[in-house]
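The next block holds one structure in the form of structure tokens; read it before the comments.
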Amino acid sequence: MQTLWLTLGTLSFIAATVFFIFLMTRAPAGSRHFFIITAVITGVAAFFYLTMTTGATASNVEGRIFYWGRYIDWVITTPLLLLDLALLALPNWRRNIQLIAGLIALDVFMILTGLLAGQSTSDFGAGFWFIVSTAAMIVLLYLVYTQLFAAAQNRPGSVQGIFRTLALLTIVLWSLYPIVWLLGTEGFAVASSTVEVFMFLILDILAKIGFGFLLLTNREALGQAGGGG
Ligand code: RET
């Protein structure tokens, strides 16, 4: 059953990547970078879903299947999602490079400590790294909510609108990842591996394809967002 959901994930992300590349051929002036970043996000996800489907990035950790490929996917794609948000909120990224680098560093730390939690074979190790990773996530989402929202206030109306939608989507969806993790086989195993794979698939589709679709079909906002300084 996992294979079915993982295959569906691979196909969905391939389709989304092709669609986003198609949309890029008619990108509003000065907005191509959003299409490139977002197509790379879904392309990387397609690749890692394929590796999870074939088992290349799945291991047996004391009797449970551990899909470590998702963490490699996330460590590449979550910084790119943050970059999309930052480039919407900040007209001049060069002047805000510390903030962008700080958000990305915190995000990479969150995913890597999440990986330590996921591959842990002791309850203490899993619990410890889970708490560290979740703390990083809370700080990260708080910074998005404060710093990026404040910066976005100076943007044109349509850019502000899409930024708010995508940032709130991000805050809500990202918060659900540790919950699925806790319910699944890395955590308390209340959900079976198949159910866990399914729930992560839904979250990944919403957080990457849903996010990308809302952004890349909003031509008015993309036209006004400009070159990102
Ligand atoms: C883990 C487990 C440890 C605690 C925390 C986690 C958070 C993961 C997040 C992942 C986001 C992924 C996205 C993927 C692609 O769209 C690693 C599950 C806090 C927030 C958005």
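The values are calculated or read from the model by the stated rules, or taken from the named source; none is laboratory data. On a predicted model such as this, the values are computed, not experimentally measured, just so you know. Counting neighbours? That spans all protein chains shown, and the Cβs are built from the backbone with ideal geometry, glycine included.
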field: Test: residue in the range 62-70 that is out of contact with any Pro (no Cβ under 8 Å at 6 or more places or on another chain), assigned to a loop (DSSP other than H, G, I, E, B) and surrounded by 15 or more Cβ atoms within 10 Å (Cβ to Cβ)
entry: yes
message: Restricting to the range 91-119, and then to whatever is within 13 Å of the ligand (Cβ to nearest atom) and either aromatic (F, W, Y) or without any contact (Cβ under 8 Å) to a residue 24 or more places away in the chain (or both), can you tell me which residue is surrounded by the most Cβ atoms within 10 Å (Cβ to Cβ)?
response: T113
statement: Scanning the range 1-33 for residues that are under 15 Å from Y67 (Cβ atoms) and outside any helix (DSSP H, G or I) gives M1
query: Quick check: is even one residue across the range 133-144 closer than 30 Å to G55 by Cβ, among the small types (G, A, S) and near the ligand (Cβ under 10 Å from one of its atoms)?
result: yes
field: All positions within the range 44-61 that are of a type in the set (S, T, Y) and part of a helix (DSSP H, G or I)
entry: Y49, T51, T53, T54
query: Among the candidates I41, I36, which residue alone is within 17 Å of the chain's Cα centre (by Cα), in a helix (DSSP H, G or I) and within 19 Å of A101 (Cα to Cα)?
result: I41
- request: Run A27 past the list (1) within 29 Å of S193 (Cβ to Cβ); (2) at pLDDT 95 or above and report the number of the one that doesn't hold.
  value: (1)
- prompt: In the range 62-90, what count of residues is obtained for those that are near the ligand (Cβ under 10 Å from one of its atoms) and either among the hydroxyl-bearing types (S, T, Y) or within 18 Å of R164 (Cα to Cα) (or both)?
  reply: 6
Filter result (buried (at least 17 other Cβ atoms within 10 Å of the Cβ) and hydrophobic (A, V, I, L, M, F, W, C)) within the range 120-131: A126, W129, F130
message: Considering only residues that are closer than 20 Å to T77 by Cβ, in contact (Cβ under 8 Å) with a residue 40 or more places away in the chain, surrounded by fewer than 20 Cβ atoms within 10 Å (Cβ to Cβ) and not polar (S, T, N, Q), which ones fall in the range 1-18?
response: L8
task: Assess whether A150 counts as being within 25 Å of R94 (Cα to Cα) and among the hydrophobic types (A, V, I, L, M, F, W, C).
output: yes
query: Yes or no: F66 within 28 Å of A221 (Cβ to Cβ) and among the hydrophobic types (A, V, I, L, M, F, W, C)?
result: no
- request: Taking only the range 149-163 into account, find how many residues are surrounded by 14 or more Cβ atoms within 10 Å (Cβ to Cβ) and in contact (Cβ under 8 Å) with a residue 24 or more places away in the chain.
  value: 10
